[in-house]
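Contents: one structure, followed by commentary.
The values are calculated or read from the model by the stated rules, or taken from the named source; none is laboratory data. What you see is a predicted model, and the numbers here were worked out from it, not measured in a lab. Every residue, glycine as well, gets a Cβ built from its backbone with ideal geometry; the counts of neighbours run over all protein chains shown.
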Amino acid sequence: MWIALFIAIIFGVANIVELLFIDFIHVNPHRPQSNALFMMKVNAPIVSAIAALGALLVFTLPQFFQTEIIGGLRRRFGEHARFAVWPALPLTAILTWYCYDYLTPTIADFYG
């Protein structure tokens, strides 16, 4: 949840900084400054929510996989079961790649 929150904050701040540089410092002639302020108020939370949802889609299943490994081995190894995540790290990386590649939409998904 912390990673999703930080990703949402980063995307929101990056959107606002981009609008500040393009529309206020360099004065974009194609968009009025009132529209830029509106985009900061409306677009930044939407982009942040989409980024947080994407982070949750990518990281939830691998984290669940790691907790299941620890939970399954806790009866046998006790508190040392948390070190079983290290040998399972390649499987976790493959699962994370799969979640990123197949669970998050790309532009190609929208255009065919």
Criterion (surrounded by 15 or more Cβ atoms within 10 Å (Cβ to Cβ), under 25 Å from the mean Cα position of the chain (by Cα), of a type outside the set (Phe, Trp, Tyr) and at pLDDT 85 or above) met by exactly one of Leu19, Leu61: Leu61
Residue check for Pro45: under 24 Å from the mean Cα position of the chain (by Cα) and closer than 22 Å to Trp2 by Cα: yes
Checking Val85 against (1) under 25 Å from Leu5 (Cβ atoms); (2) out of contact with any helix residue (DSSP H, G or I) (no Cβ under 9 Å at 6 or more places or on another chain), the condition it does not meet: (2)
Any hit, segment 72-95, residues being assigned to a helix (DSSP H, G or I) and under 15 Å from the mean Cα position of the chain (by Cα): no
Conditions (1) in contact with a Cys (Cβ under 6 Å, 6 or more places away or on another chain); (2) part of a loop (DSSP other than H, G, I, E, B); number of the one not met by Leu61: (2)
In segment 22-58, the residues that are part of a loop (DSSP other than H, G, I, E, B) and either touching an Asp or Glu at 6+ places or on another chain (Cβ under 7 Å) or surrounded by fewer than 12 Cβ atoms within 10 Å (Cβ to Cβ) (or both): His26, Val27, Pro29, His30, Arg31, Pro32
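Answer with yes or no whether Ala93 is exposed (fewer than 13 other Cβ atoms within 10 Å of the Cβ), more than 22 Å from Trp2 (Cα to Cα) and either of a type in the set (Gly, Ala, Ser) or modelled with pLDDT of 90 or more (or both).
Spelling it out, it is not the case that Ala93 is exposed (fewer than 13 other Cβ atoms within 10 Å of the Cβ), more than 22 Å from Trp2 (Cα to Cα) and either of a type in the set (Gly, Ala, Ser) or modelled with pLDDT of 90 or more (or both).
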